[in-house]
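Take a look at the structure below.
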Amino acid sequence: MVPIKKLILRIGIGTGIALAAIGGFVAGDYFNMSLPSPIVTAKADASLPATATKENVMVVGGSMAHGWKDPNDDSYLKRAFQSLTDSTNVTYEYTDKTIVGGSATTVSKSKFEGWLANVKPDVVVLSWGFLNDAHSKVSPTAIRQAISNEITEALAAHAVVLVVSPPVTKASQTNYEQLTDEYVSEEFSAAKSLNNPNVYEMDVLNQMRSFLTAHNETWREYFGDSWHPNQAGHELAGSLLYNDLVETFHQSPIRYKG
């Protein structure tokens, strides 16, 4: 795989709280950051144990999560975890369980539990794009139940669960905007309702929308096709997610609590 660019955004959107300096780099102004984003390599903290730690990450989603329209299928998820590997003393082993054309509502319990048993993930990332669901007019209630089931099954396997909303696309900003928003709201509600410290919500969709607004841009600059971002879109979404991961876990391994 072609090396994945490491992009660091210095202020988390929504919180407005600057990240601490990493590896000597000083936190900057997120909304005034020029585009394309500066490419920065953050070095691992010397105070952390020198022995490398490995964690298995299992990614579940559709074609966006797989990386469609990126030349090397380097999705926003793959980019974020590669950047996390490059900037910490933890190596994140990435297992792709994405299904092109799939949906949370179509993955059976037995299939999902089979993945968990085979991969034995430390971290499960749920990042469905929801456009197949919107096209089929799947009810938001069904999405909530499906996401809740996947989270519950992952927790039963003692995996940390990251619920990650998808990047901006033409469809999520135009004809499927309302349903996309409803689905994202329902998946985050499902995550919150479990009230479990091992479940985290990361809203890439609305962070990316805020970024585009702040820089007077639209989905057009990141258009791969109507349902997928291009390489620049995967890079931007990956940098936003990486920023969330660093703000949440700093340079520590992502550990299951309890």
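The values are calculated or read from the model by the stated rules, or taken from the named source; none is laboratory data. Everything numeric in this text was worked out from a predicted model, so none of it was measured. No Cβ is skipped: glycine too gets one built from the backbone with ideal geometry, and neighbour counts run over all protein chains shown. In case anyone asks, the SASA skips ligands and DNA or RNA and just uses the protein heavy atoms, side chains included. Shrake-Rupley method; radii C 1.70, N 1.55, O 1.52, S 1.80 Å.
Counting other C-beta atoms within 10 Å, and keeping those with at most 15, which DSSP coil GluC sites (Glu not before Pro) do you find in region 156-258? It would help to have the intermediate numbers written out before the result.
Values: sites: Glu177, Glu182, Glu186, Glu187, Glu201, Glu217, Glu221, Glu235, Glu247; in loops: Glu217.
The qualifying sites are Glu217.
Which of the trypsin sites (Lys or Arg not before Pro) found in region 174-258 are in a DSSP loop and have at most 11 neighbouring Cβ atoms, other than their own, within 10 Å?
Numbers: sites: Lys192, Arg209, Arg220, Arg255, Lys257; in loops: Arg255, Lys257.
Passing both the DSSP loop test and the Cβ count: Lys257.
Determine the per residue accessible area of region 166-249 with all protein chains present and a 1.4 angstrom probe, expressed in square angstrom.
That works out to 38 Å² per residue.
Mind scanning Lys78/Lys137; Lys69/Lys192; Lys69/Lys111; Lys120/Lys257; Lys69/Lys109; Lys54/Lys109 and naming the pairs with a C-alpha gap bigger than 24 Å?
The pairs that break the limit, which is 24 Å between Cα atoms, are Lys78/Lys137; Lys69/Lys192; Lys69/Lys111; Lys69/Lys109; Lys54/Lys109.
Multiply the residue gap between Asn175 and Leu194 by 0.36 nm, knock off their C-alpha separation, and tell me the result in nm, one decimal place.
Net length gain for the segment: 3.7 nm.
Kindly write out, for region 58-68 in residue order, the coupling ³J(HN,Hα) from the Karplus curve 6.51 cos²θ - 1.76 cosθ + 1.60 (θ = phi - 60°), rounded to whole Hz, with x marking Gly and Pro.
With coefficients 6.51, -1.76 and 1.60, one gets 10, 9, 10, x, x, 5, 5, 5, 6, x, 4 Hz.
Pulled fully out, how much extra length does the chain show between Lys54 and Thr152, if you take 0.36 nm times their separation in residues and subtract their Cα-Cα distance?
Working: separation 98, 0.36 × 98 = 35.28 nm, distance 2.38 nm.
Once the chain is fully extended between Lys54 and Thr152, it gains 32.9 nm.
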